[in-house]
1. If the requirement is being open to solvent by 30 Å² or more (accessible area, probe 1.4 Å) and at pLDDT below 95, which of these qualifies: Arg82, Arg74, Arg42?
2. Can you tell me which residue is most open to solvent (accessible area, probe 1.4 Å) among those in region 1-39 that are of a type in the set (D, E, K, R) and outside any helix (DSSP H, G or I)?
3. Read through the list (1) within 17 Å of Met79 (Cβ to Cβ); (2) modelled with pLDDT of 95 or more, then give the number of the only condition that Arg5 fails.
4. Please give the number of the condition Val64 fails out of (1) in contact (Cβ under 8 Å) with a residue 40 or more places away in the chain; (2) assigned to a helix (DSSP H, G or I); (3) β-branched (Val, Ile, Thr).
5. Search region 45-61 for residues being within 16 Å of Gly27 (Cβ to Cβ) and assigned to a helix (DSSP H, G or I), and hand back the single one that is most open to solvent (accessible area, probe 1.4 Å).
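The values are calculated or read from the model by the stated rules, or taken from the named source; none is laboratory data. Keep in mind that what you see is a predicted model, and the values were worked out from it rather than measured. Neighbour counts are summed over all protein chains in view; Cβ atoms, including those assigned to glycine, are modelled from backbone coordinates with ideal geometry. The area values use the complete protein model at the heavy-atom level, side chains included, leaving out ligands, DNA and RNA. Shrake-Rupley method; radii C 1.70, N 1.55, O 1.52, S 1.80 Å.
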Amino acid sequence: MTYTRKSAQDLAMTVLLYMADRPDLIGGFLEASGLQPQDLRRAAGDPDIALHILDFLLEDDRRVLDAAGDLEIRPGDLMAARTALAGPGSYGWEI
């Protein structure tokens, strides 16, 4: 799937809701980001948080595979969405 910035942000918000239902994931995200739950509630409406959400998920292959399966998307869609948000080459390689 080809992602626009808007569709990538939408996927990131879906991922955030997915993580919110999994205490280990949302706890890990909060710890990694330094956000408190109340900060995350405010930041959820900010499009810039989308990139951080996808980056956190993409740090671990198991997270990617589990999320993709549960959300019924291809694992590569998560990276495609991230690229739509940050641009090609933003993750250390050119696409």
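1. Unique residue meeting the criteria: Arg42.
2. The qualifying residue most open to solvent (accessible area, probe 1.4 Å) is Asp21.
3. Tallying (1) within 17 Å of Met79 (Cβ to Cβ); (2) modelled with pLDDT of 95 or more, Arg5 fails exactly one: (2).
4. For Val64, the failing item is (1).
5. His52
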